[in-house]
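Enquirer: A single structure is presented below for examination.
The values are calculated or read from the model by the stated rules, or taken from the named source; none is laboratory data. This one's a predicted model, so the numbers in the text were calculated from it and none came from an experiment. Glycine gets a Cβ as well: all are built from the backbone with ideal geometry, and neighbour counts include every protein chain shown.
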Amino acid sequence: MNITRRDFLKLAGATGLALSFGRVEAATNEKILVVYFSRTGEEYGTGNISKGNTEIVAEIIAQRTGGDLFEIKPAQAYPNSYEDCKKVASREKATKARPEFVGDIDVAPYTMIFCGYPIWYGDAPQIVYTFLERHDFGGKKIVPFCTHGGSGLSSTDQTISMTCPTAKVLRGFEMRGSVAQNNRSQAESTVVENLRRLGLM
Ligand SMILES: Cc1cc2nc3c(=O)[nH]c(=O)nc-3n(C[C@H](O)[C@H](O)[C@H](O)COP(=O)(O)O)c2cc1C
């Protein structure tokens, strides 16, 4: 029997089944991975944060799609202080550094990869490129998403396309860090709107 997501939601509602929110297996055949880098500590516009802005968005995407999450955790943590972090980040950008991360994930089983990061100096942090360059995304879809202090995606969708030439990089989306951190309903709506556009909801 074919059951659509809408039927499933109706059925679940009618029978009082507990729903883990928004798994999309009924609506799509995509196998989804949400990869992200995000920093805690002193942050531009949001003060001292214990959960990173991008992490919040990544978790919403995973929750709404049933996708798996992988955090790109730096082997050497970035400084807590915003000013000190800026110094490290600008040096990494200037030298095109490829900072190491801890652990890894096999991307082979996934067909659609959401890739999330904060904008650092008009780009994705270099550690995101470490991750992207280390994997084969041939034939896979990549959806970039970012949080930022006003710069939007800053053409990072294009740099990701150049980094992963065999992937199909779809139109990404962006959110201000302060929205992710302080306005849950707006953050959820932005994610939902984009998941709908991508045919995942
Ligand atoms: C080193 C550094 C550089 C940044 N550069 C920019 C920038 O160029 N444009 C911008 O809009 N925001 C910039 N920001 C702000 C972050 O993109 C924004 O606060 C983001 O939401 C942080 O996400 P996170 O908590 O997931 O790390 C920068 C922040 C840091 C720490």
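Enquirer: Output the number of residues of the range 116-138 satisfying the condition of being within 10 Å of PHE37 (Cβ to Cβ) and away from the ligand (no atom under 13 Å from the Cβ).
Expert: Residues meeting the conditions: 2.
Enquirer: How many residues, within the range 28-50, are of a type in the set (D, E, K, R) and within 8 Å of the ligand (Cβ to nearest atom)?
Expert: 2
Enquirer: Restricted to the range 120-142, and to residues that are free of Cβ contacts under 8 Å to residues at least 60 places away in the same chain and in a strand (DSSP E or B), which residue is surrounded by the most Cβ atoms within 10 Å (Cβ to Cβ)?
Expert: By that ranking, first place goes to TRP120.
Enquirer: Further question on the same structure: Select from the range 87-119 the residues that are part of a helix (DSSP H, G or I) and either under 15 Å from the mean Cα position of the chain (by Cα) or without any contact (Cβ under 8 Å) to a residue 12 or more places away in the chain (or both) and list them in ascending order. Break it down stepwise before answering.
Expert: If we filter the range 87-119 for residues that are part of a helix (DSSP H, G or I), which is where we start, we get 87-94.
Of everything in the range 87-119, those that are part of a helix (DSSP H, G or I) and either under 15 Å from the mean Cα position of the chain (by Cα) or without any contact (Cβ under 8 Å) to a residue 12 or more places away in the chain (or both) turn out to be LYS87, VAL88, ARG91, ALA94.
Enquirer: Spot the failing condition for LEU200; the list is (1) under 20 Å from PHE70 (Cβ atoms); (2) in contact (Cβ under 8 Å) with a residue 40 or more places away in the chain; (3) outside any loop (DSSP other than H, G, I, E, B), and only one is missed.
Expert: All conditions pass for LEU200, except number (3).
Enquirer: Do any residues in the range 72-86 that are of a type in the set (Lys, Arg) have Cβ atoms under 9 Å from those of residues that are exposed (fewer than 13 other Cβ atoms within 10 Å of the Cβ), where the two are at least six apart or on different chains, and which pairs are they?
Expert: So the pair list comes out as LYS73/VAL102; LYS73/GLY103.
Enquirer: Here's another thing I want to ask about it. List the residue pairs whose Cβ atoms are under 7 Å apart, where the first residue sits in the range 22-46 and is aliphatic (A, V, I, L, M), the second is part of a loop (DSSP other than H, G, I, E, B) and modelled with pLDDT under 95, and the two are 6 or more positions apart or on different chains.
Expert: Hits for this filter: VAL24/MET201; ALA26/ILE3; ALA26/THR4; ALA27/MET201.
Enquirer: Do we have any residue at all in the range 146-154 that's assigned to a helix (DSSP H, G or I) and surrounded by fewer than 23 Cβ atoms within 10 Å (Cβ to Cβ)?
Expert: No; the residues of the range 146-154 include none that is assigned to a helix (DSSP H, G or I) and surrounded by fewer than 23 Cβ atoms within 10 Å (Cβ to Cβ).
Enquirer: Among the residues of the range 56-66, are any assigned to a loop (DSSP other than H, G, I, E, B) and modelled with pLDDT of 95 or more?
Expert: yes
Enquirer: Looking only at residues in the range 156-170 that are without any contact (Cβ under 8 Å) to a residue 24 or more places away in the chain and surrounded by fewer than 18 Cβ atoms within 10 Å (Cβ to Cβ), which one is nearest to the ligand (Cβ to nearest atom)? Break it down stepwise before answering.
Expert: Step one: filter the range 156-170 for residues without any contact (Cβ under 8 Å) to a residue 24 or more places away in the chain, giving 157-158, 161-162, 165.
Now restrict to residues that are surrounded by fewer than 18 Cβ atoms within 10 Å (Cβ to Cβ): 158, 161-162, 165.
Values: GLN158: 16, SER161: 20, MET162: 19, PRO165: 25 Å.
My answer is GLN158.
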